[in-house]
1. Any residue that is touching a residue at least 40 places away in the same chain (Cβ under 8 Å), crowded, with 16+ Cβ neighbours inside 10 Å and charged (D, E, K, R) - is there at least one of those in the stretch 162-175?
2. Pull up the stretch 82-105, narrow it to residues that are in a helix (DSSP H, G or I) and in contact with a helix residue (DSSP H, G or I) (Cβ under 9 Å, 6 or more places away or on another chain), then point me to the one that is nearest to Trp209 (Cα to Cα).
3. If a residue has to be surrounded by 16 or more Cβ atoms within 10 Å (Cβ to Cβ) and of a type in the set (Asp, Glu) to count, how many in the stretch 1-28 make the cut?
4. Just a yes or no: is a residue in the stretch 136-149 among the acidic types (Asp, Glu), more than 29 Å from Ala12 (Cβ to Cβ) and without any contact (Cβ under 8 Å) to a residue 24 or more places away in the chain?
5. For the stretch 113-161, which residues satisfy the criterion of being under 22 Å from Thr78 (Cβ atoms), among the hydrophobic types (A, V, I, L, M, F, W, C) and crowded, with 17+ Cβ neighbours inside 10 Å?
6. Being of a type outside the set (S, T, N, Q), part of a loop (DSSP other than H, G, I, E, B) and within 28 Å of Phe153 (Cβ to Cβ): is that true of Leu72 here?
7. Out of Tyr55, Tyr40, Tyr99, Tyr3, report the one residue that is under 26 Å from His176 (Cα atoms), in contact with a Leu (Cβ under 9 Å, 6 or more places away or on another chain) and at pLDDT below 90.
8. Of a type in the set (Ser, Thr, Tyr), under 13 Å from the mean Cα position of the chain (by Cα) and under 26 Å from Gly125 (Cβ atoms): does that describe Thr84?
Amino acid sequence: MSYRYQAIAVKADLGSVSTALDSFAQSLGGNAHTISLDEYQTRHRNRSFMDPTTYLLFAREDWTILEAGFGLMPRLATHLSRDTQAEVFCLDIYEVVGYEHFSLLRSGEPIYIFTSLGDELDMQGIDPTVFVAAIQPGKFKIAAGDDPNGEEFRYYAYDIFSQFIAPFDLEAYLMHEVGDEGPLEYLRLDIPNAHRYQLGGTGPEAISWQKVALT
């Protein structure tokens, strides 16, 4: 099975994030509501959890974390950051199509945007030398002959961001540190035509943060 993963971390409490999720859904003619573990598992088995999107909500210190198997929606991330006036960082990957995305937003404004899909690349606010300089010695492997400051940067950017640029390693946290208690909440966004707001579709317009966020 190919690897597919999405997570968003918001530097705000669960109540603020839940309110922002509901206002986001309502702005698009839908609603947000919690569902039970049984309903989530049923949707997961039937793969209907993919549309509309369903999130698992966790907490880590002063962060609320949303995890899903759906595609990232730039409009949602921007709304969460603007509504809570908080820092938001996102990771999104779909291995089978060669898609990777990461982003960092503050108060609704993008600081870093990186989206790679096949030969297409959308990169904003990123200086490769700054990213590479953040690598901690002995904690990151660079293939012999590669120059991550140059043409190979796009192949290292996602992991560098995840491990050394983001406030914490979001993927590692969800894989290893959430413990046995599970999510604090299962939340479903019922949004008409939810797929139109996703990043990472085919074609150059679908990897442009601005174009997807403003559609």
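1. Scanning the stretch 162-175, I find at least one residue that is touching a residue at least 40 places away in the same chain (Cβ under 8 Å), crowded, with 16+ Cβ neighbours inside 10 Å and charged (D, E, K, R), so the answer is yes.
2. This residue is Arg82.
3. So the count comes out to 1.
4. Among the residues of the stretch 136-149, at least one is among the acidic types (Asp, Glu), more than 29 Å from Ala12 (Cβ to Cβ) and without any contact (Cβ under 8 Å) to a residue 24 or more places away in the chain, which makes the answer yes.
5. Passing the criteria: Ile113, Phe114, Leu117, Ile126, Ala157, Phe161.
6. yes
7. Numbers: Tyr55 fails: at pLDDT below 90; Tyr99 fails: at pLDDT below 90; Tyr3 fails: in contact with a Leu (Cβ under 9 Å, 6 or more places away or on another chain).
When all the criteria are applied, what remains is Tyr40.
8. Against the criterion (of a type in the set (Ser, Thr, Tyr), under 13 Å from the mean Cα position of the chain (by Cα) and under 26 Å from Gly125 (Cβ atoms)), Thr84 does not qualify.
The values are calculated or read from the model by the stated rules, or taken from the named source; none is laboratory data. Keep in mind that what you see is a predicted model, and the values were worked out from it rather than measured. So basically every Cβ, Gly included, is an ideal-geometry build from the backbone, and we count neighbours across all protein chains shown.
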